[in-house]
Ligand SMILES: [Zn+2]
């Protein structure tokens with residue numbers, strides 16, 4: 001009796017994390033969540049300083 005396993009593949013090109021800015025069209029793809037947060041914080045600080053201060 002054959003057993004088919006579905007959904008067992010790990011998609012190598014889908015490992016990144018992505019974040020969009022709530023305030024503009026900026027978005028970022030990074031390898032890890034901490035790197036993404038750092039990028040997003042840097043974007044907020046330079047482009048939306050008021051939002052960054054609130055965060
Ligand atoms: Zn933005």
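The values are calculated or read from the model by the stated rules, or taken from the named source; none is laboratory data. Every value quoted in this text rests on a predicted model; they were computed, and no experiment measured them. Methodologically, a virtual Cβ is constructed for each residue, glycine included, from the backbone with ideal geometry; neighbour enumeration extends over all protein chains shown.
Quick notes on this structure:
- Subset of the chain that is away from the ligand (no atom under 16 Å from the Cβ) and surrounded by 10 or more Cβ atoms within 10 Å (Cβ to Cβ) - its residue that is modelled with the lowest pLDDT: 16
- Of all residue pairs spaced 6 or more apart or on separate chains, none has beta-carbon atoms under 6 Å together with a first member in region 37-55 that is without any contact (Cβ under 8 Å) to a residue 60 or more places away in the chain and a second member that is part of a helix (DSSP H, G or I) and surrounded by fewer than 13 Cβ atoms within 10 Å (Cβ to Cβ).
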